[in-house]
1. Please note which strands (runs of 3 or more DSSP E) are completely contained in the stretch 94-168 and include at least 1 residues that are more than 30 Å from residue 178 (Cβ to Cβ).
2. Could you check the stretch 41-66 and list, in sequence order, the residues that are surrounded by 14 or more Cβ atoms within 10 Å (Cβ to Cβ) and either among the small types (Gly, Ala, Ser) or within 23 Å of residue 96 (Cα to Cα) (or both)?
3. How many residues does the stretch 128-176 contain that are acidic (Asp, Glu) and either farther than 19 Å from residue 99 by Cα or touching a Phe, Trp or Tyr at 6+ places or on another chain (Cβ under 6 Å) (or both)?
4. Within the stretch 63-78, count every residue that is β-branched (Val, Ile, Thr) and under 21 Å from residue 34 (Cβ atoms).
5. Would you say residue 111 is over 17 Å from residue 154 (Cβ atoms), touching a strand residue (DSSP E or B) at 6+ places or on another chain (Cβ under 6 Å) and at pLDDT 95 or above?
Amino acid sequence: MSISVSVEELQAAGFPMGGEPVVALDLADTVITVSDPATDLIESPAASADWWAVQSRRLPPGPIPDPAAVRRLRAAIRDVLDARLEGRGAEPGSMDDINATAASVPTSPRLVETPDGPQAQTRWHTEHGGNAALATIAGEVIALLGTPERIRLLRRCANPTCSMLFLAENPRRKWCTGNICGNRARVARHYGRARTGGTAA
């Protein structure tokens with residue numbers, strides 16, 4: 001979808017990262033995989049509701065997905081994206097889970113009358129089961145992985161203690177967020193120069 005959310009909106013809602021061009025990446029970044037055990041940022045019902053509320057304008061209308069279904073899809077997405085970055089094969093079943101979720105809600109095109117004339121819309125047939133938001137997110141990751149020029153932009157934050165993923169649409173981008181990991185790197189460089197008697201660039 002062309003509608004976007006900003007990292008500032010997600011940070012205001014309590015999430016360190018987000019605002020990527022596809023919701024699938026934002027969902028993958030709701031788990032911090034470098035902590036042991038991994039930290040689930042949407043584990044509580046309140047945090048989950050806040051995250052889906054911010055993302056809702058980029059997704060078809062409908063109820064917040066079942067937490068178990070969200071965790072399953074997120075794990076599959078995270079696995080296929082990490083596998084891509086690490087040059088390995090994804091875990092068995094990850095692509096199956098993504099494909100099944102994408103297919104779980106059939107869609108059909110339809111015309112609706114608007115003040116500007118007829119417009120095309122997509123109808124999500126949730127009467128057949130599934131969740132339209134999760135089906136959309138699964139479809140996004142399929143499109144991303146199936147588009148070579150887009151998936152080549154996939155990066156992991158350059159901070160070794162961060163697991164966040166992003167699309168480096170700006171080729172100079174190295175950090176998930178400038179105000180968190182980017183700022184930590186700047187502070188560390190400044191501290192290192194001060195300790196060695198160097199001067200700021």
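The values are calculated or read from the model by the stated rules, or taken from the named source; none is laboratory data. Please read these numbers as outputs of a predicted model, since none were measured by experiment. All Cβ positions, glycine included, derive from the backbone under ideal geometry; neighbour counts span all protein chains shown.
1. Working: elements: 107-114, 117-124, 154-156, 165-167.
In the stretch 94-168, the matching strands (runs of 3 or more DSSP E) lie at 107-114, 117-124.
2. 47, 48, 56, 59, 60, 62, 64, 65
3. 2
4. 2
5. For residue 111, the condition - over 17 Å from residue 154 (Cβ atoms), touching a strand residue (DSSP E or B) at 6+ places or on another chain (Cβ under 6 Å) and at pLDDT 95 or above - is met.
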